[in-house]
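Below you'll find the structure, written out as C-alpha cells, and then a few comments.
The values are calculated or read from the model by the stated rules, or taken from the named source; none is laboratory data. Computed from a predicted model, the values in this text were never measured in an experiment. Note that we place each Cβ from the backbone using ideal geometry, even for glycine, and neighbour counts take in every protein chain shown. Ligands, DNA and RNA are stripped out before the accessible areas are found, and what is left, the full protein with its side chains, is counted by its heavy atoms. Shrake-Rupley method; radii C 1.70, N 1.55, O 1.52, S 1.80 Å.
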Amino acid sequence: YFRNLYMSQAFPAFTPRGFKAMEIPKEFQDWLLDFIKRYEHTRRVENWNGEATQMDFHEHPTTFIDMDRVRHEKEAMARKILKPLLEEWTGIKPLELTSFYGIREYQEGSRLREHIDRIDTHVLSVTLSVQKRDVPDDAKPWPLQVTDWYGRHVKYEHPGGTMVLYESSKLPHGRPYPNYSGTHLGCFCHFKPVNMHGTDTKKWDSIAKAARDNVERHRETARYRSTKDIEPEHPVYSDVEYGKGSIWKSNNDNSATKNAQFTVTFKNDADRALQLFWYHKSEPQPVFQGSAWPGASFNIQTFQGHTFFWAEMEEQTPLPGGKLTIDAGKRVYSYSLPLESRNKI
C-alpha cells in the first residue's frame, strides 16, 4: 500500500496518461492462441509467496501454462512486435526485455488488488487479455483499473484479444473487483530503458536502487501480539483451504524454499556460443531456454532441483560437465569447457 502511495509520486512518468489500450496485433494473437493449444495439457496450479498481498490466491488459486517452455520463441515475438510499439508510444528507445510470462488463468471470483511493479525491471509493460473461457450467460465485465496521474480511477473492460501498454512501476493497476466474466487468460511483458536521459544502464540501475532505498527508509515494522483466542460455543468451519498453494517461510524455517521459485543466472565462459536446455524425465524432449555468446549471461526463473544442460549450437546433446542441478543456495551458474574438450575441437 505504501509503495502505491510513494512510488506513484516519486517515479518519473514517460507519457501524458500512463496507459494506452489497443488490439493485440493479429500475428501475436495467433501465436498466443497456438501456444495455448499446444501446451495447455501442461497446466498447473500457480504457487504464490505467502507474503504477496495483491492476489487473493488463497480463496481463488490461479493456474498457469508456462511460456518458458518456448523461451527463445516468446522472447523473439516480444522483441519483434511489442518492443517497437512501446518505444513508439513512450519515445524511449532502445528498451530491454526483462520478463515475459504467462499464460495465467484467473478463475471465477478472482481479484487483483491495485499495485505497482518492480522499479528496476518492470518499468514499461504490456498486459494482454488473450482469451475468455467458460463465460456465463450473466457475465459481467472484469475491467482493468488504473489510478491515473490525477488520482482518478479509470476502468477499461479489456476483452479477449486486446492489450494495454502501461507504465507499470508508476501507475497503480489491478482488477479489484470479483471476476464474473468466466476464466480470464492473460500474460505480461515487461521492459526497462537501456538508456534514460542519456545515461547508461548502470546509471539507470543506480536510479532504481535509490528509489528502492527510499521505500526502505520509510518502512516501519512493529511486533504484533495476538489477542487471546476464545473458542466459540458453536463454531462454523470454512470449506475454503486457506493458504493452499502458498509458499510460506518463517524466520526459523528454511524448508519452504524447496518449492519456491527464484531467479538464477547462467553464464557462458566458453570460447564460443552455446545453448542452454531444461530437461525432465517426464518430457519427451529437452526445452530450449536460450543461447549465449562467450562471456554473456541471462536469467531464468526456476526451482530447486530442476536440471539444465549446455549444448553446442544447433545440437541437443549435453557437453562434458555441462549438466547441472539447481541448488537453492546458489544463484550463478558459469560454464567453461573442460581442457580435454577444448583440445578435441
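Structural remarks
- For the range 26-41, backbone phi angles converted through the Karplus equation (6.51, -1.76, 1.60; θ = phi - 60°) give residue-by-residue couplings of 3, 4, 6, 4, 4, 5, 4, 5, 5, 4, 4, 4, 6, 10, 5, 6 Hz, Gly and Pro being listed as x.
- Net charge contributed by nearby residues that have their C-beta within less than 14 Å of Tyr150 (K/R +1, D/E -1): +2
- Solvent accessible area, Å² - His60, 1.4 Å probe, full protein context: 50 Å²
- Average accessible area per residue (Å²) across the range 1-117 - probe 1.4 Å, nucleic acids and ligands excluded: 51 Å²
- Under 19 Å from the Tyr101 label point (7 Å along Cα→beta-carbon), backbone N, the range 111-149: 111-130
- Residue pairs, from the table Lys93/Lys170; Lys170/Lys192; Lys37/Lys93; Lys20/Lys83; Lys74/Lys132, whose Cα atoms sit over 23 Å apart: Lys37/Lys93
- Kirkwood Rh in Å, taken over the range 41-103 so that all alpha-carbon pairs contribute: 14.1 Å
- Solvent-free Debye scattering, log10 I(q)/I(0), computed from the Cα coordinates of the range 268-310 at q = 0.16, 0.20, 0.29, 0.35 Å⁻¹: -0.45, -0.66, -1.06, -1.25
- For Ser181, residues with placed amide H under 5 Å, excluding near neighbours: Gly109, Lys140
- Kirkwood Rh in Å, taken over the range 89-178 so that all alpha-carbon pairs contribute: 14.5 Å
- Rolling a 1.4 Å probe over the protein chains gives Glu157 an accessible area of about 110 Å².
- Label-zone membership for the range 293-309, site Arg331, 7 angstrom Cα→C-beta point, backbone N under 16 Å: 298-304
- Under the convention that each Lys and Arg Cβ holds +1 and each Asp and Glu Cβ holds -1, the size of the dipole of the range 86-178 around its Cα centre is about 200 debye.
- For Glu87, the shell of other residues with beta-carbons less than 14 Å away shows a net charge of +3, using +1 for Lys and Arg and -1 for Asp and Glu.
- All aspartates and glutamates inside 17 Å of Lys267 as judged from Cα atoms, apart from same-chain residues fewer than 8 positions distant: Glu312, Asp327
- Amide H contacts of Ile24 (H built 1.01 Å from N, in plane; Pro and chain starts excluded): Thr162, Met163 sit under 5 Å, all sequence-distant by 5 or more or on other chains.
- The range 1-127 gives an Rg/Rh value of 0.97, both radii derived from C-alpha positions and Rh following Kirkwood.
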